[in-house]
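Visitor: Encoded as structure tokens, here's the structure I'll be asking about.
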């Protein structure tokens, strides 16, 4: 007898949903927002491209279409309340940076901002976008990236012994990675 149980199709993505959560920051003229994103991945080395899936109703998507750029911010677990807040409320109605106590700092390669409390950020110009059901896949061409030096191993990997990234497990469930030794 098998130990497998059926997983509802609407929940099947949760089987692969444990990647780290990002905060996507975007501004267009005098408008700005921060959006929590769990679905993202690198898609090309040459050119260096990263994709994010944003719900079609997201204010951040609207601002990306207007501005042509965005910034990916890597939060650690100490920011879980801000991450949940930014994923719950609309930037059309609240200033998420102020309400979540996040510090917006101007980016160096795009017209946008990064979040100072995050451990790293990746600045992107819009490369392409396409609709995929109730989401739009936004592909960004990386124009710059920065990270807090003391949180990385000598070979450039985030040191999970020094920082705990937030991993989305599905719904309102989050987790962290644990090291298995050295």
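Bear in mind that the values in this text are calculations on the coordinates, not laboratory data. All values reported here derive from a predicted model rather than from experimental measurement. Every residue, glycine among them, receives a Cβ derived from its backbone with ideal geometry; neighbour counts consider all protein chains shown.
Visitor: How much length is gained on full extension from residue 137 to residue 31, taking 0.36 nm per residue of separation minus their Cα-Cα distance?
Guide: Gain on extension, residue 137 to residue 31, equals 36.0 nm.
Visitor: Continuing with this model, one more query. For residue 5 and residue 78, what does the FRET efficiency come to when R0 = 30 Å and r is the distance between their Cβ atoms, rounded to the nearest 0.05?
Guide: Calculated value: 0.30.
Visitor: Considering Cα pairs under 8 angstrom that are at least six residues apart, work out the relative contact order of the chain and quote it in whole percent.
Guide: So the answer I get is 24 percent.
Visitor: How many angstrom lie between the C-alpha centres of the stretch 29-54 and the stretch 87-119?
Guide: Between the Cα centre of the stretch 29-54 and that of the stretch 87-119, the gap is 14 Å.
Visitor: Same structure again: What's the extension gain from residue 94 to residue 57 if we count 0.36 nm per residue and subtract their Cα-Cα distance?
Guide: Working it through step by step, the gained length comes to 11.7 nm.
Visitor: Using label points projected 7 Å from each Cα along Cα→Cβ, tell me how many nm separate residue 150 and residue 101, to one decimal.
Guide: With each label point 7 Å from Cα toward Cβ, the separation is 2.0 nm.
Visitor: Separate question: I'm spelling it out carefully: the read-out is Cα extents along the principal axes in Å, the candidates are [x] 47, 36, 31; [y] 50, 33, 27; [z] 60, 41, 38, and one was derived from this structure. Which label?
Guide: From the options [x] 47, 36, 31; [y] 50, 33, 27; [z] 60, 41, 38, the structure gives [z].
Visitor: Nearest 500 deg cm²/dmol is fine: what mean residue ellipticity at 222 nm does the chain get from its DSSP H runs of n ≥ 4 alone, each adding -39,500 (n - 2.57), divided by its residue count?
Guide: -3000 deg cm²/dmol
Visitor: Which whole-number percent of Cα pairs in the stretch 50-149 have a distance greater than 17 Å?
Guide: Summing the P(r) of the stretch 50-149 above 17 Å gives 54 percent of all pairs.
Visitor: Please rank 77, 70, 130, 85, fewest neighbouring Cβ atoms within 10 Å first, as an exposure proxy. Display every interim value, and only then the final one.
Guide: Numbers: 77 15, 70 29, 130 10, 85 18.
Starting with the residue having the fewest Cβ neighbours, the order is 130, 77, 85, 70.
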